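Rule-based calculations on the coordinates, nothing more; no lab input. This is a predicted model, so every value here is computed, not measured. With ideal geometry, Cβ positions are generated from the backbone for all residues, glycine too; neighbour counts draw on all protein chains shown.
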Amino acid sequence: MQKKYITLLLALLGFSMGMEAKSINTYGFTIGAGQTREFYIYMNTTRNNLVSFQIDLMMPEGLHVNVDRCGLPTRVTDKEQMLFVGKLDANKYRFVSTSYNLIPLTMADAPLLKVSVTADDDFQGGTVNLVDMFAISSVGQKTGWISDSFEVTTSEVVRGDANYDGQVTVSDVLDVVNYMLGKETLFSSTYDLDANNLVDIVDVMTCSNLLLESIKVTD
């Protein structure tokens, strides 16, 4: 009987650790050489009293974090909460955010952090490693997660190919429109076709014209 209880306890512990390991989710992406884009780190947790977090990211050679363009997504409802980003060494960046009003992160499945990166012209792809991630509760308790990693691949830059699938299609035009309208919240420099640091109707029209040109070529 005692053996059964021990087995059950170990099973529950393994289940709990598995749930905790999945609290932070990251996803790989593609970026063109010399391009800039953003990605999310997601926190899928129902803990209702987390008020602070720290995340260290180890970037591959040739991929750099744009410190002033990273931010906190909508799950962070404390208007006074700010994100602090620092560069620890050549490839390691630290992200820290604390709610001074102790307003918790209550959403069960939502982005926790938005990261902006730019690839060097000779970037060949690599692995992003998330290390030393932990959060603090409103009563000062530390909650940690295991590390995570994901792959960043490179793709040839085709003007008008907003989603890096190698061709200009209707989907690319829709991506540019959705970002302009605020329906897509992650920036990619492939949306800014006139390179004026603004995604607007001019970019939509340019992408549409490139689509029409590609259709004529295939015909």
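Summary table
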read-out: Lys pairs under 20 Å by Cα in the chain, provided they are eight or more residues apart or on distinct chains; value: 6
read-out: Gain upon complete extension [Val157, Thr74; 0.36 nm per residue less C-alpha separation]; value: 26.8 nm
read-out: Distance in nm between pseudo-label sites at Glu61 and Asp194 (7 Å out along the Cβ direction from Cα); value: 4.0 nm
read-out: Ordering of 36-42, 128-134 by packing [mean C-beta count within 10 Å, highest first]; value: 36-42, 128-134
read-out: Hypothetical label at Ser171: residues of segment 179-203 whose amide nitrogen lies under 11 Å (7 Å Cα-Cβ projection); value: none
read-out: Cα centre as origin, Lys/Arg/Asp/Glu Cβ charges: the chain dipole, Debye; value: 1440 debye
read-out: Computed helical MRE - 222 nm, the chain, DSSP H runs ≥ 4 contributing -39500 (n - 2.57), nearest 500; value: -7500 deg cm²/dmol
read-out: Antiparallel %, DSSP beta bridges [both residues in the chain], to 5; value: 90 percent
read-out: Cα-based shape type of the chain, given that a ≥ b ≥ c are square roots of the gyration tensor eigenvalues and the cut on a/c is 1.5; value: prolate
read-out: Zone residues, segment 28-72, relative to Arg94, backbone N less than 15 Å from point 7 Å out along Cα-to-Cβ; value: 53-58
read-out: Segment Val131-Ala110, extension gain: residue separation times 0.36 nm, minus the distance between their alpha carbons; value: 5.6 nm
read-out: Options Thr190, Val76, Thr36, ranked by Cα towards positive dipole end of the chain, top entry (Cβ charges); value: Val76
read-out: Positive-end extreme of charge dipole, segment 99-167 - chosen from Leu130, Pro104, Thr153 (charges on Cβ); value: Pro104
read-out: Summed side-chain charge close to Ser99 - residues other than Ser99 whose Cβ falls under 11 Å, Lys, Arg +1, Asp, Glu -1; value: -1
